[in-house]
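The values are calculated or read from the model by the stated rules, or taken from the named source; none is laboratory data. Source: prediction; values computed, not measured. FYI the Cβ positions are ideal-geometry reconstructions off the backbone, even for glycines, and counts take in every protein chain you see.
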């Protein structure tokens, strides 16, 4: 199953200021989510940003908030539990690329709910993290067993382009340097 930009959606989950210091790979997650967001913008892939209880966990990392739409605020761990999230899902976008925090909580519950609703779910493994490696690794194995497709942010970018002849390929290529 390959990603096509015209049928994809990017979902950036809860990359928030007060969560990031607790993540072993927080800087990498921000960087990779930023790469995905920039490519989505270049390739006309719609994006949804979520924030879990921002009053307590703070806002989205500034570098990400600058390139993403206004966040959907949620209290449920799964993005699907927020009514505004369902309304933000554009029709015709059957493949959803997930990235963000935490792999075993909000990312996993969102992925499982989206799979149950018939979406093809892709998890950019270099753009997700948990506080503890055992939670992260176990969640990735569980998601793969449930039908989610594990991939990387760079693989997503090149699949969205499809060819080196894509008019935005050179711009996208610069994102991986």
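Listed residues 83, 56, 94; which is surrounded by fewer than 17 Cβ atoms within 10 Å (Cβ to Cβ), more than 16 Å from the chain's Cα centre (by Cα) and closer than 19 Å to residue 108 by Cα?
Matching residue, one of 83, 56, 94: 83.
Working only within region 137-166, note down all residues that are in contact with a helix residue (DSSP H, G or I) (Cβ under 8 Å, 6 or more places away or on another chain), farther than 30 Å from residue 105 by Cβ and surrounded by fewer than 16 Cβ atoms within 10 Å (Cβ to Cβ). Those that are in contact with a helix residue (DSSP H, G or I) (Cβ under 8 Å, 6 or more places away or on another chain), farther than 30 Å from residue 105 by Cβ and surrounded by fewer than 16 Cβ atoms within 10 Å (Cβ to Cβ): 162, 163.
Residues that are out of contact with any helix residue (DSSP H, G or I) (no Cβ under 6 Å at 6 or more places or on another chain) and closer than 24 Å to residue 18 by Cβ within region 101-122 comprise 101, 102, 105, 106, 107, 109, listed in sequence order. For region 7-40, taking the residues that are over 13 Å from the mean Cα position of the chain (by Cα) and free of Cβ contacts under 8 Å to residues at least 24 places away in the same chain, the one that is surrounded by the fewest Cβ atoms within 10 Å (Cβ to Cβ) is identified as 21.
Can residue 131 be described as surrounded by 15 or more Cβ atoms within 10 Å (Cβ to Cβ), more than 14 Å from the chain's Cα centre (by Cα) and more than 20 Å from residue 35 (Cβ to Cβ)? Answer is yes for this residue. The number of residues in region 41-53 being touching a residue at least 40 places away in the same chain (Cβ under 8 Å) and surrounded by fewer than 16 Cβ atoms within 10 Å (Cβ to Cβ) comes to 1. Output the number of the condition that residue 141 fails; it satisfies all remaining conditions of (1) in contact (Cβ under 8 Å) with a residue 24 or more places away in the chain; (2) over 15 Å from residue 11 (Cα atoms). Exception for residue 141: condition (1). Among the residues examined, residue 1 qualifies as touching a strand residue (DSSP E or B) at 6+ places or on another chain (Cβ under 8 Å) and under 24 Å from residue 116 (Cβ atoms). Screening residue 80 on (1) over 20 Å from residue 30 (Cβ atoms); (2) part of a loop (DSSP other than H, G, I, E, B); (3) out of contact with any strand residue (DSSP E or B) (no Cβ under 6 Å at 6 or more places or on another chain) shows it passes everything except condition (2). Restricted to region 85-177, the set of strands (runs of 3 or more DSSP E) holding at least 3 residues that are within 20 Å of residue 68 (Cα to Cα) and either modelled with pLDDT under 95 or in contact with a strand residue (DSSP E or B) (Cβ under 8 Å, 6 or more places away or on another chain) (or both) comprises 95-101, 120-129. Of everything in region 66-77 that is touching a helix residue (DSSP H, G or I) at 6+ places or on another chain (Cβ under 6 Å) and in a loop (DSSP other than H, G, I, E, B), the residue that is surrounded by the most Cβ atoms within 10 Å (Cβ to Cβ) is 68. Filtering region 167-177 to residues that are in contact (Cβ under 8 Å) with a residue 24 or more places away in the chain and surrounded by 13 or more Cβ atoms within 10 Å (Cβ to Cβ) leaves 168, 171, 172, 175.
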